[in-house]
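Working notes, beginning with the structure itself.
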Amino acid sequence: MHNQFGFTKLLVWDLDATAAFYKAVASLEELVRVEDEIAGRKIQEILFNPSHEGAATFVLLKFLDAPRASKDEVILGFITDDVDAFARRAVAAGGTEVQAARDMPAHGVRVAFVTDVEGHLIEVVQMLQPAG
């Protein structure tokens, strides 16, 4: 039996504004837009190209019959070469810096927390270079 994590679907209110945020901040490329139903509920979603071969797909999903989705149910994680630049792009694109970047040498990373335009929390991680 083979199992593999394949995608994450983030529930959003404003599909286009949220897509624009992730395109500007994380350089995600839109793959396709889908209109369909899940359990009789109409949806619209945007799928983004995986960032590299074997990577999971990131999807933004809007239930057309729902009020605003909760923003506290998931923390998205992005790995980058420059956590400070990622955080600046997030703020410039309408997000908020929640926790400034800080080194965590015990874990070998530099970490910042930002939100997207709808307030979803994003943990941004940069691998630290080993000392020496």
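Every number in this text was worked out from the coordinates using simple rules, so none of it is lab data. Keep in mind that what you see is a predicted model, and the values were worked out from it rather than measured. Methodologically, a virtual Cβ is constructed for each residue, glycine included, from the backbone with ideal geometry; neighbour enumeration extends over all protein chains shown.
Just to confirm the number: angle between the C-alpha axis of helix 83-92 and the first principal axis of the chain, 0 to 90 degrees, nearest 10? Taking the Cα atoms of the chain, the angle to 83-92 is about 40 degrees. Let me check against my output: what whole-number percent is the relative contact order of the chain, with C-alpha pairs under 8 Å and at least 6 apart? After rounding, I find 23 percent.
Using the alpha-carbon centroid of each, what span in Å lies between segment 1-52 and segment 108-129? About 19 Å separates the Cα centre of segment 1-52 from the one of segment 108-129. Annotation: lysines with alpha-carbon distance below 16 angstrom to K71 (same-chain offsets under eight excluded): K9, K62. Does anything in segment 88-115 have its amide N under 15 Å from the 7 Å Cα→Cβ label point of A24, and if so which residues? Hits in segment 88-115 for A24 at 15 Å: 88-97, 115.
Applying the criteria of a DSSP loop state and at most 14 other Cβ atoms within 10 Å to the trypsin sites (Lys or Arg not before Pro) of segment 68-132 yields R68.
Antiparallel DSSP bridges in the chain: what percent, to the nearest 5?
Working: 26 of 36 bridges.
Beta bridges within the chain, antiparallel portion: roughly 70 percent.
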